[in-house]
Protein chains: 2
Amino acid sequence: MSEYRQDPLSRRWVIIGCDERATRPNEFIEATSRQSNLTCPFCPGNEAQTPPPVASYSANGKDSWLVRVVPNKYPAVLTDTAPCPTCQPLSLSAASGAMPGFGRHEVIIESRRHVASLSELDDSEAELTFIAYRDRLLELKKDGRYRYVQIFKNAGPAAGASLEHVHSQILALPGVPETIEQELASSAEHFRLHRRPLFLDLIGQEQQAGSRLVTQTERFLAFCPFASRFPYEVWILPRQHQPRFEVLQASELSELSRIVREVIGRIECAVGQVAYNYFLHTLPFDTDLHDHYHWHIEIIPRLVKVAGFEWSTGCFINPYPPESAAAHLRSSLPAAPEAS
Amino acid sequence: MSEYRQDPLSRRWVIIGCDERATRPNEFIEATSRQSNLTCPFCPGNEAQTPPPVASYSANGKDSWLVRVVPNKYPAVLTDTAPCPTCQPLSLSAASGAMPGFGRHEVIIESRRHVASLSELDDSEAELTFIAYRDRLLELKKDGRYRYVQIFKNAGPAAGASLEHVHSQILALPGVPETIEQELASSAEHFRLHRRPLFLDLIGQEQQAGSRLVTQTERFLAFCPFASRFPYEVWILPRQHQPRFEVLQASELSELSRIVREVIGRIECAVGQVAYNYFLHTLPFDTDLHDHYHWHIEIIPRLVKVAGFEWSTGCFINPYPPESAAAHLRSSLPAAPEAS
């Protein structure tokens, strides 16, 4: 059984695994990726290698799935653990200690094809992937036992992926992660001081400066943030006030899927087939005080190693200014995606 | 010129590099290490490839250096920038914005021999390395323009090292890093609540539990912390109340150098020649309110990749319990180090 533990000094939370096999440490030596279609558990024909799906999406009038959501076979957290009745396990304000590893861990398989990056999805796959994100958020919200659902993608071994086939992950948590708590606090403080949502001010500032803009659509803006941690880091925000991701409609999700795919395509065009993570930040389910918050997506290419200085201080050294990265991304046009 | 920037949402600080070469992004694609002695700038005979040393240590009565401290040839921060008169650039409480990248970046070359890990140092080299850590702290404190000096080591490309030859780095900063601020706050709160230093309670708890202990000497304790972020993470603490690292005497530094070297040897014996970081946390120069704080060293082997969940939430998934790691480290005895 896994366990949430908090460090009393740093106040960091950790999910400690259940692997007691002290004699098998070589498990952690990373394996090289490159699964063949024959052995890949996410490829068609191997569906029995994953637990039964909790959701499945097909093209209109077709039988075969295009996007598929399954429970993670090796979950970091488990639903068969009793949730702590008063727990806010990922909150800074919680007392130090440990709690059972309650939660839910799912995988979204984003294509039938054995491709590795979101940029390789066709229009339907990309759109259904983002519809699946929304649907799982709605479903897990209805469950009532989770306060936050973290959706994230690891693409490439350097980004922590253990399987190559294009997929995202979902972790439903009984508490609100520290990073989100900090964002809610900053956003609340900005609103109290200025009576304007921080995110709208950010959008205004980026549109005025222009130098960090990457691309935009009717509803969304993509830019390299002013204090980018990583070279070619890109954030994607809704232009209008929108705290919760799960309210997005199909047409908005379709537009969003296209800008995210385009940005990743631009990054790959600029620097090659790099490993990357992206993740969604959205308002916790039971929060209504913070409706000045906006959901957003952060994309971090894994071009540089995080080293001792960053781990020690919490301060990042980014050798490449976001203004330079944005200029490079604006001029890097990916080839048109393959038609469905 | 580099720049400190703070993200208004996460409140994270970043040091943004000065490289405007937007057309040369492939610099960031990591190079494989394995320098030969002929080209290594840290090997004897190549001293002219580094800036002139700010400190140099020899064995008694010998001319040739054993440990050498030089300014970093590619510094992240620069001394020829005016420090912001009121700046606490790495403090959470600072206003959002940007500041010139003032600071000092040095490298400690820890052996004449082209070896890669602290575990490969002989007694004199290890001792002089830790004496150099203390001496640089004292010297940079005397300068008066720095509030915190971060000493850290990147060993192996996966830990962010760009050169193989055994070395550590020093970054003298005009502000106190966020991580240290958080540790000072936790330590202060614990003292206010319990009238006991948090660190002495931690030491007592670990000695009583025993299951996370790795090794100990007369003055120091090494254990896998309860909420370890990483498999085989080890912290080394003084057993007695000792807020500031720079007060350590030569005999204590000698004992400390041996326990740190032993722990790294045990990790390498347990899991092989893994990349790792370690870093020193100590009381900021101008702080006297927090004398319940203890300096300590955190060692993080880089066996697993940090992935999207960690970057998104600030919460770590550690698949290997610290109790299992400590048991494995207790039974992993490195071969005796080479005599000088």
For this session: Please report, to one decimal in angstroms, the Kirkwood hydrodynamic radius of chain A built from all distinct Cα-Cα pairs.
Result: 21.1
Seminar exercise, completed: Length-normalised contact order of segment B:179-330, Cα under 8 Å, at least 6 apart, in percent, tallies to 32
Exercise. Under a Cβ-Cβ cut-off of 13 Å, what is the net charge of the residues other than B:ARG212 that fall near it, where Lys and Arg count +1 and Asp and Glu count -1?
Worked result: -2
For this session: Report ³J(HN,Hα) in whole Hz for each residue of segment B:298-315, in order, from the Karplus equation J = 6.51 cos²θ - 1.76 cosθ + 1.60 where θ = phi - 60°; Gly and Pro get x.
Result: 10, 10, 10, x, 9, 7, 10, 7, 7, 10, x, 4, 5, 5, 7, 10, x, 9
For this session: Considering only A:GLU125, A:GLU310, A:GLU323, give the residue with the highest GNM mean-square fluctuation for chain A, with springs between Cα atoms whenever their separation is below 10 Å.
Result: A:GLU310
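Just check segment A:188-317 against the gyration tensor rule for me: Cα atoms, a ≥ b ≥ c as the square roots of the eigenvalues, rounded for a/c under 1.5, and otherwise prolate or oblate depending on whether a/b exceeds b/c.
In terms of gyration-tensor shape, oblate.
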Exercise. So for the protein assembly as shown, Kirkwood radius off the Cα pairs, Stokes-Einstein at 25 °C and 0.890 mPa s: how many µm² s⁻¹?
Worked result: 94
Exercise. Where the centre of each part is set by its Cα atoms, how far does segment B:216-238 sit from segment B:303-331, in angstrom?
Worked result: 14
Problem set entry | Among A:HIS165, A:HIS194, A:HIS105: highest mean-square fluctuation, GNM of chain A, C-alpha pairs under 10 Å | A:HIS194
Exercise. Add -39500 (n - 2.57) for each DSSP H run of 4 or more in chain B, then divide by its residues: what number comes out at 222 nm, to the nearest 500 deg cm²/dmol?
Worked result: -8500 deg cm²/dmol
Seminar exercise, completed: For B:VAL176, the residues 5 or more places away or on another chain with a placed amide H closer than 5 Å to its own amide H are B:LEU90, B:SER91
Exercise. For B:LEU78, which sequence-distant residues (separation of 5 or more, or a different chain) have an amide H within less than 5 Å of its own amide H, given hydrogens modelled in the peptide plane?
Worked result: B:PHE102, B:GLY103
For this session: Quantify how strongly other chains surround peptide A:278-286 by giving the mean number of their Cβ atoms within 10 Å of each of its Cβ atoms.
Result: 2
Exercise. How large, in Å, is segment B:247-340 by the Kirkwood hydrodynamic radius built from its alpha-carbon pairs?
Worked result: 16.1
Exercise. Most exposed first by the Cβ proxy, i.e. fewest other Cβ within 10 Å, how do A:CYS43, B:CYS269 rank?
Worked result: B:CYS269, A:CYS43
Exercise. Based on the Kirkwood radius over alpha-carbon pairs, what value in µm²/s does the Stokes-Einstein equation return for the translational diffusion coefficient of segment A:105-171 at 4 °C and 1.567 mPa s?
Worked result: 103
Problem set entry | R0 of 41 Å, Cβ-Cβ distance B:ALA185-A:LEU333: FRET efficiency to nearest 0.05 | 0.30
Exercise. Short version: ³J(HN,Hα) in whole Hz for each residue of segment B:280-288, in order, from phi by Karplus 6.51 cos²θ - 1.76 cosθ + 1.60 (θ = phi - 60°), x for Gly and Pro, what are they?
Worked result: 9, 10, 9, 5, x, 4, 9, 9, 10
For this session: Quick one: which residues, 5 or more positions from A:VAL54 or on another chain, have an amide H under 5 Å from its amide H? H modelled 1.01 Å from N in the peptide plane, none for Pro or chain starts.
Result: A:VAL69, A:VAL70
Seminar exercise, completed: If the chain between B:LEU78 and B:GLN205 were fully extended at 0.36 nm per residue, the gain over the current Cα-Cα distance would be 41.5 nm
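Among residues other than B:SER56 whose Cβ falls under 14 Å from its Cβ, what is the net charge (Lys/Arg +1, Asp/Glu -1)? Intermediate values should be presented prior to the final figure.
Values: positive: B:LYS62, B:ARG68, B:ARG112, B:ARG136; negative: B:GLU47, B:ASP63, B:GLU106, B:GLU110, B:GLU125, B:ASP135, B:GLU139.
Taking every Cβ under 14 Å from that of B:SER56, the sum is -3.
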Exercise. Once you list every other residue whose beta carbon is under 14 Å from the beta carbon of B:ARG239, what net charge do they have if Lys and Arg are +1 and Asp and Glu are -1?
Worked result: -4
Exercise. Which whole-Hz ³J(HN,Hα) couplings does segment A:67-75 yield from phi under the Karplus relation 6.51 cos²θ - 1.76 cosθ + 1.60, θ = phi - 60°, glycine and proline marked x?
Worked result: 9, 9, 10, 10, x, 5, 5, 10, x
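Readers should treat all values here as calculations from the given coordinates under stated rules, not as data from a laboratory. All values reported here derive from a predicted model rather than from experimental measurement. Heads up, the Cβs are rebuilt from the backbone with ideal geometry, glycines too, and the neighbour counts pull from every protein chain shown.
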